[in-house]
Every structure is written in C-alpha cells, then in structure tokens.
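Everything below concerns the one structure shown next.
The values are calculated or read from the model by the stated rules, or taken from the named source; none is laboratory data. Everything quoted here is computed from the prediction, not taken from an experiment. So basically every Cβ, Gly included, is an ideal-geometry build from the backbone, and we count neighbours across all protein chains shown.
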Amino acid sequence: MTELPRYEYVKLADEIAADIASGRLPVGAALPGERAMTEIHSVSIGTVRRAVVELRRRGLVATLPAKGTYVIATPEAAQPRQDDGA
C-alpha cells in the first residue's frame, strides 16, 4: 500500500515532534523563531506558522506572543486539543 502525500506543514510538524520525542528539543526549550525556521527547514513562513499551529493542536508547544514558542510536553504525554467549534 502506498503512502498518501502529506502537506509540507504536517511533515515539518512531524519533524519537530520527532526532535521533541528524541530530547533534542526538551520540555521548556524554545523553538527557533519563524524566520530562522524558514531557513533551517527550507520552507515558507506560512508553512512554519501552520506547523506551529499543528504542534499546538497536538499539545506539544505553547506560544507566548512576542516571546516565542516553547515545548510543553513530549508526544507520549501530550493530549491533543479538541476544537470546540467556536
């Protein structure tokens, strides 16, 4: 069975989640800034922003406006957030 293609932002979110799971990005660590991640991962800023939203949805990171995005849980411990439709 062939694997379906995935969106670039999902691939990036999976890559960052793997870094969190491996300990390369431990709980409490700050993710690089958006512009830095565009260069590190060779993706657009829109892709970075959507990946961060996906990581927040998975319960792995939290973003503090004007401060940055921080790892708050490992994939094993995270509880995905459910949208309430609002």
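General observations
- Filter result for Thr69 (among the hydroxyl-bearing types (Ser, Thr, Tyr), part of a helix (DSSP H, G or I) and modelled with pLDDT of 95 or more): no
- In region 46-69, the residues that are within 18 Å of Gly28 (Cα to Cα) and without any contact (Cβ under 8 Å) to a residue 12 or more places away in the chain form no Cβ pair under 6 Å with any partner that is surrounded by 14 or more Cβ atoms within 10 Å (Cβ to Cβ) and of a type in the set (D, E, K, R), whether six or more places apart or across chains.
Condition check ((1) on the phi > 0 side of the Ramachandran plot; (2) over 10 Å from the mean Cα position of the chain (by Cα); (3) aromatic (Phe, Trp, Tyr)) across all residues:
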| position | (1), (2), (3) |
| --- | --- |
| Ala21 | no, yes, no |
| Leu31 | no, no, no |
| Glu34 | no, yes, no |
| Ser42 | yes, yes, no |
| Arg50 | no, no, no |
| Glu54 | no, no, no |
| Ala66 | yes, yes, no |
| Thr74 | no, yes, no |
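- Restricting attention to region 1-43, the residues being among the acidic types (Asp, Glu) and assigned to a loop (DSSP other than H, G, I, E, B) number 1.
- Filter result for Val48 (in a loop (DSSP other than H, G, I, E, B) and modelled with pLDDT of 95 or more): no
- Of all residues in region 18-32, those satisfying the criterion of being in contact (Cβ under 8 Å) with a residue 24 or more places away in the chain and either over 20 Å from Leu64 (Cβ atoms) or in contact with a Ser or Thr (Cβ under 9 Å, 6 or more places away or on another chain) (or both) are Ile20, Ala21, Pro26, Val27, Ala30, Leu31.
- Members of region 57-66 that are within 17 Å of Lys11 (Cβ to Cβ) and either surrounded by fewer than 17 Cβ atoms within 10 Å (Cβ to Cβ) or at pLDDT below 95 (or both): Arg57
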